[in-house]
Amino acid sequence: MVRLAKFNDDTFVQAAIEVAATCGVAAVSMAAIASKAGAPMGSVYHRFGSRSEVLARAWLRAKSGLRQAVEPHWQSGRTWPGVQALLGWCREHPLHARFLLQCEDHPPIDEALAEPWRQRLEDEQLALEQAFEQVVRHCTRHGGSEAGQAQTMGTLLRFALLDSPLALARPYLAQGREVPAGAEALLRTSHAALCPWSMLQTQDDEPDASVSTSLPSMAPALAHAEPTPVRSATH
């Protein structure tokens, strides 16, 4: 009779996320992961070459989940559904969101992390950046902006799609509280002002190019603001 393993890789990756979310990334150790999973520490070392590998895999799980939530909307230029998807992901995966809030471009890793895992971290971050570039191009084309205003559009969308909703969600996540149901209502008015064409879309519609969708009056000011990289949007 085949003996089934009591613990698997996913068990320990999730344990690392939970330790980081509740105690901070610095508290993540092989011993802490084993304790959280209720497993012998040898089981962790048997599956992972280092603490950095566990953190890398935890980051990939959380980051890919965030990207998959917003990517379909960004790719088709649906900015408001993208905001809703981001907040929905924070509610459904609060521990993953809290973990990402503590990491910048990537999890804290050291030289012990093998090159294939480093490449996977870079590839995942690049996938998010490419999705954001798609929404910028889409909205620049359909939002009535000149090609030279693409940078302004990028800054505006960074604020509307990432900075603003995450600023609202951050204190609730940090305190272990659910992002309130009224969050969307608080953001909707400002989003309509920043991205007026987006409020005329349905889930299956393209933006209506016949509607006046020039950049809002605050866009020139945003153009001179220091842009926030997409790779830093979750911290």
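The values are calculated or read from the model by the stated rules, or taken from the named source; none is laboratory data. None of the values given here were measured: they were computed from a predicted structure. Using ideal geometry, Cβ is built from the backbone for each residue, glycine included, and neighbour counts are taken over all protein chains shown.
A few comments on the model shown:
- Conditions (1) touching a helix residue (DSSP H, G or I) at 6+ places or on another chain (Cβ under 8 Å); (2) farther than 21 Å from Gly176 by Cα: number failed by Gly42: (1)
- The residue pairs whose first member lies in region 1-19 and is over 13 Å from Gly38 (Cα atoms) and at pLDDT below 95, whose second member is part of a helix (DSSP H, G or I) and of a type outside the set (D, E, K, R), and whose beta carbons are closer than 9 Å, counting only pairs six or more residues apart or on different chains, are Ala5/Ser43.
- Test: Val54 is under 23 Å from Ala34 (Cβ atoms), part of a helix (DSSP H, G or I) and among the β-branched types (Val, Ile, Thr): yes
- Residues that are of a type in the set (Asp, Glu) and not assigned by TED's automatic domain parsing to the domain that holds Asp123 are absent from region 81-92 altogether.
- Residues being assigned to a helix (DSSP H, G or I) and surrounded by fewer than 20 Cβ atoms within 10 Å (Cβ to Cβ) - total across region 86-100: 5
- Residues located in region 36-74, provided they are among the charged types (D, E, K, R) and under 15 Å from Asp123 (Cβ atoms): Arg57, Arg61, Lys63, Arg67, Glu71
- Inclusion of Gly77 among residues that are assigned to a loop (DSSP other than H, G, I, E, B) and either in contact (Cβ under 8 Å) with a residue 12 or more places away in the chain or at positive phi (or both) is warranted.
- Residues (in a helix (DSSP H, G or I) and surrounded by fewer than 17 Cβ atoms within 10 Å (Cβ to Cβ)) located in region 37-46: Met41, Gly42, Tyr45, His46
- Qualifying helices (runs of 4 or more DSSP H) (wholly inside region 104-192; at least 1 residues being over 17 Å from the mean Cα position of the chain (by Cα) and crowded, with 16+ Cβ neighbours inside 10 Å): 115-142, 150-158
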